[in-house]
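Okay, so here's the structure we're looking at.
Read-outs throughout are calculated quantities, based only on the coordinates presented, and are distinct from any laboratory measurement. If you're wondering where the values come from, they're calculated on a predicted model, not measured in any experiment. Methodologically, a virtual Cβ is constructed for each residue, glycine included, from the backbone with ideal geometry; neighbour enumeration extends over all protein chains shown.
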2 protein chains.
Amino acid sequence: MHGTLTDLVLPPDGRQSEAALAIRRGALRYVAARGLVGVPELVLGTGRRADIAVLCAKGEVWVIEVKSSIADFRADHKWFEYRAFCDRLFFAVAPDFPLDILPEDTGILVADGFGAALVREAPRHPLVAHQRKALTLRLARCAAGRLMGLMDPEALRGIEL
Amino acid sequence: MHGTLTDLVLPPDGRQSEAALAIRRGALRYVAARGLVGVPELVLGTGRRADIAVLCAKGEVWVIEVKSSIADFRADHKWFEYRAFCDRLFFAVAPDFPLDILPEDTGILVADGFGAALVREAPRHPLVAHQRKALTLRLARCAAGRLMGLMDPEALRGIEL
């Protein structure tokens, strides 16, 4: 039942390994425990997807990039592009990930499937107001649209939000 | 299955009649068909709930109040308070509702469980920017938080977003 719901909220797209999904779940629990909300797989203006986009109570936007292995991290030559879409950028990695290979000016969450711990706070590099507004709208439309699709799949047939 | 999902997205709170739920569904389909998103039962700053809060592509916020009967409309002596929380205010009513009793300066949707038609566009009474920002954040947090609860009920145990 739970698996089915998860599938409906986010149809599996084959991009995430089991390990990455566990880290994502733990990171989202950390987000919830701080009283914040996170939307997985948010498509950004460039067409890239943020693994988790976080919206803070006062409107700050974070991106959390999930890296399930050293290879996964090394294969991503464009992680710095996410900086243009957030006020703070974090990596979320498994407990056995070598933290010293992560870029210094980013935050670090160490996560497993049950939760996450903040190992390093992310420095703030504030978005300009119109970018933050556009991202907040994008995040809101994504989350509300997914909910609408769950409540009434028929309502979204053939519609692109 | 569909019913179960709906229940999980929005636990029934006994406030909405079957007739009101049908109108709400039809109104939400109209919202989706316009490429907009709507969040049902959004709690506002005053503690009141908007039946549907709509977020438009460029950030305009609408409230749609569902009235399932003449009695339901007449019992609501505070509908005008919603105006302070939106750029446009609509009533959504069933096809047999007498439209001439609705306030003139509001929009009208006539809805059933399958969809809705716009009978009268709502006049625009723009929010000031900081109010719109606060409402957008509230709507985003509500939708994303409900999604988080669906994906991982454990994550939100004891947490108030």
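Within segment B:107-132, the residues that satisfy the criterion of being in a helix (DSSP H, G or I) and surrounded by fewer than 18 Cβ atoms within 10 Å (Cβ to Cβ) are B:129, B:130, B:131. Of the residues making up segment B:79-106, those that are more than 22 Å from residue B:44 (Cα to Cα) and assigned to a helix (DSSP H, G or I) number 3. Looking only at residues of segment B:142-161 that are charged (D, E, K, R) and surrounded by fewer than 22 Cβ atoms within 10 Å (Cβ to Cβ), we find that the one that is farthest from the other protein chains (Cβ to nearest Cβ) is B:157. Quick one: in segment A:27-43, which of the residues that are part of a loop (DSSP other than H, G, I, E, B) and in contact with a Leu (Cβ under 8 Å, 6 or more places away or on another chain) is farthest from residue A:86 (Cα to Cα)? Going through the qualifying residues, I end up with A:35. Has segment B:115-134 got at least one residue that is closer than 22 Å to residue A:57 by Cβ, β-branched (Val, Ile, Thr) and more than 10 Å from chain A (Cβ to nearest Cβ)? Yes, segment B:115-134 has at least one match.
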